[in-house]
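**Student:** Sharing a structure here in structure tokens format.
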Amino acid sequence: MFPGMTYPIQVVVRETGLSAHVLRVWEKRYRAVVPQRTATRRRAYSEADVHRLKLLRQATMLGHPIGSVAQLSDETLDTLVKTAANRAAAPPADSQPMNEPLPDSPIVLACMEAVKAFDADALNRLLERATVQLGHTGLLHQVIAPLSQRLGDLWMVGSVRMSHEHFATALIRGFLLNPGRQYAGTSSTWTLVAATPQGQLHELGAVMTAALAAEQGWRAVYLGPSLPAAEIAGVASQNEAQVVALSLIYPDADPNVERELHDLRRFLPNKTILIGGRAAERYRSSIEAIGALLVKDLNHFQLELANVRANQTRKF
């Protein structure tokens, strides 16, 4: 970013992690920022606008509704975010400090060793311990997401076999989608369908989105990997789902994905479609062409789910 310059909305989306839809809502409904307009009436954001939007995104990810923080000054927002970061970094006074589970953390490495040994009991024990220490959402963000990333990286360079990936996926799927661990009941009026499109065989990303949606109070319908668009659309329509979540991981240059995405939008013209996964960026043009939202990570996914609920609630 360069002082004095202005930036189109596509650049701001990339810099902030917010979707174009969210940017427009925050501008129109909350006056969070007021971008300039070009001669052709396109939005032009200043560096200060981008900085403020980053602060607002951080504040909302901490749990503050956008309506309560949109009019705060940049200085107040910065203090709010830094205070929360300092609080999170400080170990609890009445408990033993725990290493934050990052990709190279002990618990993630221990999970990886259990996968390499095909030790289901050990992996289950590690996931249970992490759930107790971190909570369900923390488990997803801090253990399973980095574990999935590490497993994919090692598989790509041949350090683990396909059987390791299948073993880990099956066990984690059972652990996360076990009805006894779900927070959302079937009575929820908010429904999400999660799957991978036909030809996309790695399902752990879709499993995580279903589990996180359930944690956030949604009724999550998980369909599994490699389903035709018509099948996904049929389930979404039958269940009156507000959101369809797709994961694109492997293969990352699938010539059929574009057709499947366009078919899905044709079958579901009015549904919110969220698409993420490590290969999703490669299909950005197709995702944007169908009016779907490219989700960058689990934090972004949570934010978009909250936006769907907030926007649809206001319609009634």
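Here, each number is a calculation from the coordinates, and none is a lab measurement. These numbers were taken from a predicted model, which means no experiment stands behind them. Cβ atoms come from the backbone with ideal geometry, glycine included; neighbour counts cover every protein chain shown.
**Student:** Explain nothing, just the number: relative contact order of the stretch 6-89, from Cα pairs under 8 Å at least 6 residues apart, as a whole percent.
**Tutor:** Relative contact order, the stretch 6-89: 28 percent.
**Student:** For the stretch 184-236, how big is the tail of P(r) above 16 Å, as a whole percent of Cα pairs?
**Tutor:** Cα-Cα pairs in the stretch 184-236 separated by more than 16 Å: 38 percent.
**Student:** Another question about this same structure. Given 20 °C and 1.002 mPa s, how large is the Stokes-Einstein diffusion coefficient of the stretch 6-89 in µm²/s, with Rh as the Kirkwood radius over Cα pairs?
**Tutor:** For the chosen part, D equals 163 µm²/s.
**Student:** Another one. May I ask you to evaluate 6.51 cos²θ - 1.76 cosθ + 1.60, the Karplus curve with θ = phi - 60°, for each residue of the stretch 19-34 and list the ³J(HN,Hα) values in order in whole Hz, giving x for glycine and proline?
**Tutor:** 6, 4, 4, 5, 4, 5, 5, 4, 6, 6, 8, 10, 6, 4, 9, 10
**Student:** Right, next: Could you tell me which of the pairs Lys116/Lys296; Lys82/Lys271; Lys54/Lys271 are separated by over 30 angstrom between their Cα atoms in the structure shown?
**Tutor:** Lys82/Lys271
**Student:** Any chance you could list the semi-axes, whole Å, largest first, of the equivalent ellipsoid that the Cα gyration tensor gives for the stretch 106-176, using √(5λ)?
**Tutor:** Equivalent-ellipsoid dimensions as semi-axes: 19, 12, 10 Å.
**Student:** Once the Cα atoms of the chain are picked out, what are the Rg and Dmax in Å?
**Tutor:** Rg, Dmax (Cα atoms, Å): 20.3, 64.
**Student:** Each label point is 7 Å from the Cα along the Cα-to-Cβ direction; what then is the distance between the points at Asn124 and Ala20, in nm?
**Tutor:** 4.8
**Student:** Using helices alone, what [θ] at 222 nm do you get for the chain, with -39,500 (n - 2.57) per DSSP H run of 4 or more residues, divided over all residues and rounded to the nearest 500?
**Tutor:** -16500 deg cm²/dmol
**Student:** Stretched out fully, how many nm does the piece from Arg282 to Asn299 gain, at 0.36 nm a residue minus the Cα gap?
**Tutor:** Difference between extended and current length: 4.1 nm.
**Student:** Shifting gears a bit: Counting other C-beta atoms within 10 Å, which of Arg129, Arg173 has the fewest, and how do the rest follow?
**Tutor:** Fewest to most other Cβ atoms nearby, the residues stand as Arg129, Arg173.
**Student:** Could you grab the relative contact order for the chain? Cα pairs under 8 Å, six or more apart, rounded to a whole percent.
**Tutor:** Here the relative contact order equals 11 percent.
**Student:** Over the stretch 106-176, calculate the relative contact order: mean separation of alpha carbon pairs under 8 Å at least 6 apart, over the residue count, as a percent.
**Tutor:** With pairs under 8 Å counted, the relative contact order is 36 percent.
**Student:** Hey, what's the per residue convex hull volume over the C-alpha atoms of the stretch 184-314, in cubic angstrom?
**Tutor:** Expressed per residue, the convex hull around the Cα atoms of the stretch 184-314 is 88 Å³.
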